[in-house]
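Notes to accompany the following structure.
The values are calculated or read from the model by the stated rules, or taken from the named source; none is laboratory data. Predicted, not measured: the structure shown is a model, and the values here were computed from it. Every residue, glycine among them, receives a Cβ derived from its backbone with ideal geometry; neighbour counts consider all protein chains shown. Each accessible area value is taken on the protein alone, full model and side chains, heavy atoms only, with ligands, DNA and RNA left out. Shrake-Rupley method; radii C 1.70, N 1.55, O 1.52, S 1.80 Å.
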Amino acid sequence: MATPKSRSRDGYPGRALALILVVTVGLVALMFGTGFTKPRLGIDLAGGTSVTLTAKSDDPSAINKANLDTAVGIIQKRVNGMGVSEAEVQTQGNSNIIVNIPDGGNTQQSIDKVGDTAKLYFRPVLATAPTGVSAQPQPQSSTAPSTAPSGSASPAASASGAPSPSASKAGRALSGALQADPSTAPSGAASAGATGSAAPSAGAGTAPSAPASAADMSAALTQGTVPAELQQQFTALDCSVKEQRQNYQKASDPSAPAVACSYDAEQGIWYKFALGGVAVNGQDVSKAQAVYDTQSGKGWMVDLSFNDAGSKAFADTTGKLAAQPTPANQFAIVLDGQVVSHPYVSESITGGSAVISGTFTQNDAKSLGNVLSYGALPLDFVKSDVTTVSPQLGSEQLEAGLIAGLIGMVLVVVYSLVYYRGLGLISIAGLAVSAVLTWSIMSLLGAGIGFALNLPAVCGAIVAIGITADSFIVYFERIRDEVREGAQLRPAVQRAWPRARRTILVSDFVSFLCAAVLYLVSVGKVQGFAFTLGLTTLLDVVVIFLFTKPLITLLARTKFFASGHPWSGLDPKRLGARPPIRGSRRRSAPSQQTQEV
């Protein structure tokens, strides 16, 4: 039985083994509990298409992290909006965006659309209603609506009692210039919040009959009515259903009326809109930027300017909208078939510039400014690389990678058993623990941060087998050197550890440093190799400190290893140990006592 002094000297190996056992079991349980029992596969192993987009701009300062992140969000929504599930969009380096599109679905359509400038339009609002609350658009009341400050959100109650869109989108006003004070809307302008229902107020009278076709849209705008065909689409539309949103986002003739959706994050409700034909094209916006108005105290606004064609169209349309009751006095900003904002108009806006004011935060204002200024994407992109892998080829590459890893593992196992015999079993157990930790962590990272195992990452895992085996060999050889010097096994295990530990840490540090540098400077799939190499290098340190060293310490107390059995791999005769000379035991005693202290 081990004495208290020996347990202190050995460092309580049972605690270290218990710790790594608990961590390993916990990770495996979490892996099975969450259902993510295997790593996500990259495009080169699962099949699909990887598109590398490189940002281009006349202004080099425009290629920055903020604009790349904005583009990533827009491209992600665009690709997923076409029915492609599990598409991945992420930045890489300082100017690249990687889009991974799994095989199946509208893959080719997604590839064609990725990186293109999205469709941005200004459309007049004819009717709006929360999905599932008020589905029937109706003409508005002919009574004059109450005035409201620009950006206010005092909603007028609808006949149906339906909720109104929050101030985040509807409670914003379009005015003519940044210096102007649009604090009071004219009597013909509606409160921004009075957009929640398209139902008429009591006493509004009988609605005129709806026009029969899109050709009567101008009359519909004047009369506050909705074309019959559009009314049917509006009634049937349920924006909470993803498939319906996608069908209407694939839209059609910009000059024709349309329906669209918008999500109110504050209320957690989808709203649907009946919209007129495109009045102003987003390409006619020459500049848009977020500004902070300190003069009138209205906070963040979006200042936008139009080119000549846009100025005329904008002035004509806002002149018509200003005289309309709500919601027909609103101008919907539609991006890729979805309403991103719908401020109301209180006057005809001339001069080619306008201000959108309301309950903006700084981020809201900058986001809307980017959308308006750049036509959805804040930068131009070119497809610098498009790689398509069939599912069959991906499966073959995965099989080849697994076979290569298995061959490497078998060779290491055979070498360990032949050369180290009993010690080889320790190295096999360490490799097994390392494999379980690597597999479970990669599986959980796939669900947590979207890590995908590609072919270079598989190569990194194979290289890691050699790194882990190398750490075992360094420690085993240090122990055998001590045994060759005539030391007993237990002192040999303790004296060999400081020198082996130093060598292992230096070696693993160099490997991890190389992996980190490679990850930072590389692009594309090479980063998968660097990430896997760095992860497995860190796990090697964990395994050697918490598993290999404690396990050897415990086994050194057993008779099989302590007696130097021929199959233990520590047989003094086989190692050519020198017999202790007279007096060597007495000379070595003080050093042993010092080591124990």
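The table for this structure:
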read-out: The lone exception for Gly394 - which of (1) modelled with pLDDT under 85; (2) assigned to a helix (DSSP H, G or I); (3) more than 30 Å from Ala46 (Cα to Cα) it fails; value: (3)
read-out: Residue within the range 419-442 that is on the phi > 0 side of the Ramachandran plot, out of contact with any helix residue (DSSP H, G or I) (no Cβ under 7 Å at 6 or more places or on another chain), open to solvent by 20 Å² or more (accessible area, probe 1.4 Å) and part of a loop (DSSP other than H, G, I, E, B) present; value: yes
read-out: Qualifying positions in the range 305-330 - touching a Leu at 6+ places or on another chain (Cβ under 9 Å) and modelled with pLDDT under 85; value: Gln324, Pro327, Ala328
read-out: Residue within the range 261-277 that is aliphatic (A, V, I, L, M), within 34 Å of the chain's Cα centre (by Cα), at pLDDT 85 or above and within 20 Å of Lys119 (Cα to Cα) present; value: yes
read-out: Flag for Arg501 being buried (at least 17 other Cβ atoms within 10 Å of the Cβ) and more than 26 Å from Ile98 (Cβ to Cβ); value: yes
read-out: Filtered residues of the range 443-462 (kept if surrounded by 17 or more Cβ atoms within 10 Å (Cβ to Cβ), touching a strand residue (DSSP E or B) at 6+ places or on another chain (Cβ under 9 Å) and either of a type in the set (A, V, I, L, M, F, W, C) or in a helix (DSSP H, G or I) (or both)); value: Ser443, Leu445, Gly446, Phe451, Ala452, Leu453, Ala461
read-out: Single match in Thr294, Thr317, Thr361 (criterion: of a type outside the set (Asp, Glu), within 20 Å of Gly73 (Cα to Cα) and surrounded by fewer than 24 Cβ atoms within 10 Å (Cβ to Cβ)); value: Thr361
read-out: Selected residue (criterion: nearest to Ile467 (Cα to Cα)) from residues of the range 511-525 that are in contact with a helix residue (DSSP H, G or I) (Cβ under 6 Å, 6 or more places away or on another chain) and open to solvent by 70 Å² or more (accessible area, probe 1.4 Å); value: Phe512
read-out: Whichever residue in the range 463-485 is under 12 Å from Leu423 (Cβ atoms) and of a type in the set (Val, Ile, Thr) and, among such residues, is most open to solvent (accessible area, probe 1.4 Å); value: Ile473
read-out: Pairs, first of a type in the set (Asp, Glu) in the range 307-326, second assigned to a loop (DSSP other than H, G, I, E, B), C-beta under 9 Å, six or more apart; value: Asp308/Gly352; Asp316/Ala279; Asp316/Ser348
read-out: Residues (in contact (Cβ under 8 Å) with a residue 60 or more places away in the chain and touching a Phe, Trp or Tyr at 6+ places or on another chain (Cβ under 9 Å)) located in the range 459-479; value: Cys459, Gly460, Val463, Phe472, Tyr475, Phe476, Ile479
read-out: In the range 50-88, residue nearest to Pro391 (Cα to Cα) [restricted to those that are modelled with pLDDT of 80 or more and open to solvent by less than 20 Å² (accessible area, probe 1.4 Å)]; value: Ser50
read-out: Residues within the range 257-268 that are open to solvent by less than 40 Å² (accessible area, probe 1.4 Å), assigned to a strand (DSSP E or B) and not small (Gly, Ala, Ser), tallied; value: 3
read-out: Boolean, Val493 is aliphatic (A, V, I, L, M), open to solvent by 10 Å² or more (accessible area, probe 1.4 Å) and more than 31 Å from the chain's Cα centre (by Cα); value: no
read-out: First in the range 551-568 and in contact (Cβ under 8 Å) with a residue 60 or more places away in the chain, second anywhere and of a type in the set (Ser, Thr, Tyr), Cβ under 9 Å, 6 or more apart; value: Ile552/Tyr475; Leu555/Ser568; Arg557/Ser6; Phe560/Ser568; Phe561/Ser568; Ala562/Ser568
read-out: The range 242-256: number of residues that are open to solvent by 50 Å² or more (accessible area, probe 1.4 Å) and modelled with pLDDT of 75 or more; value: 4
